[in-house]
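What follows is one structure encoded as structure tokens, with my remarks underneath.
The values are calculated or read from the model by the stated rules, or taken from the named source; none is laboratory data. What you see is a predicted model, and the numbers here were worked out from it, not measured in a lab. Here Cβ is always computed from backbone atoms with ideal geometry, including for glycine, and neighbour counts include all displayed protein chains.
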């Protein structure tokens, strides 16, 4: 299967640079997998579009202010993007410019934080040992770091919290689970009143979400690993819903990846945590997801491939063309799509 099969032309002015003025006022395209029918609503209509008894599964990861700037002891500056924590006080980072980030380089950050590059990896990755560890280091990162916005966002946010979901709880991501950005407390209250429950799991979105697919065929692509966690309560709620014939509605591709990682061949979701590199593309048989709420994704991306696996490539690309014709907003701060 060719990666080019998942390409489409997107006018640059449809790439949303700022979030919608109100979270739940973004537009919502509804796509029926069974009939191919398309409807156009707003996100605040979501409670009326779902069924009583549906179970929403949301990713409660929180974006770290993972973008740090450091002065080198030899002169010059480096930009670091924290990726994943290592042993003790170390972090695996993406460093720019990498050619000037040699092992042994000592770093000084704002607020008195010190560091040293202790190992080098591929594609600009480095391991940095910091002068603080644990909760002290976490607090310092929160104090001096900046949110790492996607590369297609060219202006800083007036309200950085708009790149967090209202239910973000577990710090660890370098990108937001963007399908969740549309939810408000008011929408959640109306969902509850309609008998639509919710549970949370965690997937810390990693660097791979920014990296393009460079292989010519889909099967050649190697997926990045991301840390996930799903507890016993959430797993039991998903299994109970499916046993009772109620729909499991995954909020975002990250929730899909956790559910499908945790589901066995029998369809039962088991609690657990670890690293997942699951790659979902057309031909995949879903075990734990009945409906999907997602944003509009980049051409040739693994996210678009996952959505195409769920609804069919031709149907999804037709829906994308409809969205483009109606000037929907795309990518992280863009509009949403409900696939049922």
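Odds and ends about this structure:
- Residue check for residue 176: touching a residue at least 24 places away in the same chain (Cβ under 8 Å), assigned by TED's automatic domain parsing to the domain that holds residue 25, within 26 Å of residue 18 (Cα to Cα) and touching a helix residue (DSSP H, G or I) at 6+ places or on another chain (Cβ under 9 Å): yes
- Test: residue 107 is touching a strand residue (DSSP E or B) at 6+ places or on another chain (Cβ under 7 Å), on the phi < 0 side of the Ramachandran plot, at pLDDT below 95 and assigned to a strand (DSSP E or B): no
- Filtered residue count, segment 65-80, keeping only those that are modelled with pLDDT of 95 or more and surrounded by 21 or more Cβ atoms within 10 Å (Cβ to Cβ): 4
- Residue within segment 250-266 that is surrounded by fewer than 16 Cβ atoms within 10 Å (Cβ to Cβ) and under 30 Å from residue 5 (Cβ atoms) present: yes
- Failed criterion for residue 53 (all others in (1) on the phi < 0 side of the Ramachandran plot; (2) assigned by TED's automatic domain parsing to the domain that holds residue 166; (3) surrounded by 14 or more Cβ atoms within 10 Å (Cβ to Cβ) hold): (1)
- Leading residue by the ranking (farthest from the chain's Cα centre (by Cα)) among those in segment 167-222 that are within 23 Å of residue 48 (Cα to Cα) and in a strand (DSSP E or B): 197
- Subset of segment 1-59 (residues that are under 20 Å from the mean Cα position of the chain (by Cα) and assigned to a loop (DSSP other than H, G, I, E, B)): 16, 17, 18, 19, 20, 26
- Screening residue 59 on (1) surrounded by fewer than 19 Cβ atoms within 10 Å (Cβ to Cβ); (2) closer than 30 Å to residue 243 by Cα shows it passes everything except condition (1).
- When the test is whether a residue is touching a helix residue (DSSP H, G or I) at 6+ places or on another chain (Cβ under 8 Å) and under 30 Å from residue 20 (Cα atoms), residue 157 passes it.
- Hits in segment 171-203 (condition: within 27 Å of residue 70 (Cβ to Cβ) and either modelled with pLDDT of 95 or more or surrounded by 18 or more Cβ atoms within 10 Å (Cβ to Cβ) (or both)): 172, 173, 174, 175, 176
- Test: residue in segment 285-295 that is within 18 Å of residue 224 (Cα to Cα), surrounded by fewer than 23 Cβ atoms within 10 Å (Cβ to Cβ) and in the same structural domain as residue 252 (by TED's automatic domain parsing): no
- Selection count, segment 296-307, where residues are out of contact with any strand residue (DSSP E or B) (no Cβ under 9 Å at 6 or more places or on another chain) and either surrounded by fewer than 22 Cβ atoms within 10 Å (Cβ to Cβ) or more than 17 Å from residue 219 (Cα to Cα) (or both): 3
- Test: residue in segment 139-151 that is more than 25 Å from the chain's Cα centre (by Cα) and either outside the structural domain of residue 18 (by TED's automatic domain parsing) or at pLDDT 95 or above (or both): no
- Within segment 223-232, the set of residues being touching a helix residue (DSSP H, G or I) at 6+ places or on another chain (Cβ under 6 Å) and either in the same structural domain as residue 82 (by TED's automatic domain parsing) or assigned to a helix (DSSP H, G or I) (or both) is empty.
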